[in-house]
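The structure under discussion appears below in the form of C-alpha cells.
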C-alpha cells in the first residue's frame with residue numbers, strides 16, 4: 001500500500017500542473033511524438049482556456065517549460081522517455097491509475113475551456 005500511496009502522490013503532483021495534464025492527454029493517444037508537436041498541442045489547449053490566441057513568446061515559453069520542467073518530471077515517473085536527439089518523445093508506460101485520473105481531469109478541463 002505504501003508504494004501505491006507514493007505512486008498516487010507522484011501522479012497527483014504531475015497532474016496538478018495544467019501544462020502536464022494537456023501533454024498527457026496528447027500522449028495518451030500518441031505513443032510517440034516530438035516535443036514541438038506536443039508543445040503545439042498544449043498551446044492549443046491553453047488557447048482554448050484563455051479564449052485568445054497565444055503569442056509567439058508564449059509558444060516558446062510552453063516549449064521551454066515542457067522540455068526543461070514537465071518532460072523531466074514525466075520521465076522521472078517513468079511515463080515517457082526523451083530520446084537522445086532531445087526532440088523525440090516516447091511513452092514508456094501509461095499506468096491504469098494515471099489513465100483513470102486523466103478521465104476525471106479531462107472532464108474538469110473540458111468545462112474550463
Note to self: I'd like to know how the chain sits against the 2.2 N^0.38 Å rule of thumb: what's its Cα Rg over that expected value?
What the structure shows: 1.04
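Is it possible to state the helix-based mean residue ellipticity at 222 nm for the chain, with each DSSP H run of 4+ residues giving -39500 (n - 2.57), the sum divided by total residues, to the nearest 500 deg cm²/dmol? What is it?
Numbers: 6 runs with 75 residues, N = 113.
After summing the helix terms and dividing by the residues of the chain, the value is -21000 deg cm²/dmol.
Which whole-number percentage describes the relative contact order of the chain, with Cα contacts under 8 Å and a sequence gap of 6 or more?
Numbers: 95 pairs, mean separation 34.2, N = 113.
About 30 percent, as a whole number.
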Check: Quick one: what does P(r) look like for the range 10-61 with 10 Å bins over all Cα pairs, in whole %?
Finding: 24, 52, 23, 1
Notebook entry, point to check: If you find the alpha carbon centre of the range 33-56 and of the range 59-108, how far apart are they in angstrom?
Noted result: 15
Notebook entry, point to check: Between residue 97 and residue 85, what length in nm is gained on full extension when 0.36 nm per residue of separation is reduced by their alpha carbon distance?
Noted result: 1.3 nm
Checklist line | Gaussian network model of the chain, Cα within-10 Å springs - most flexible of 17, 90, 57 | finding: 57
Checklist line | Rg and Dmax [Cα atoms of the range 35-90; Å; Rg one decimal, Dmax integer] | finding: 11.9, 36
Checklist line | Candidates 12, 27, 89, ranked by Gaussian network fluctuation over the chain, Cα under 10 Å, top entry | finding: 12
Notebook entry, point to check: Who wins for biggest fluctuation among 56, 76, 39 in a Gaussian network model of the chain, springs between alpha carbons below 10 Å?
Noted result: 56
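Computed from the coordinates by the stated procedures, all read-outs in this text should not be read as laboratory data. What you are looking at is a predicted structure, and each value in this text was computed from that prediction instead of being measured.
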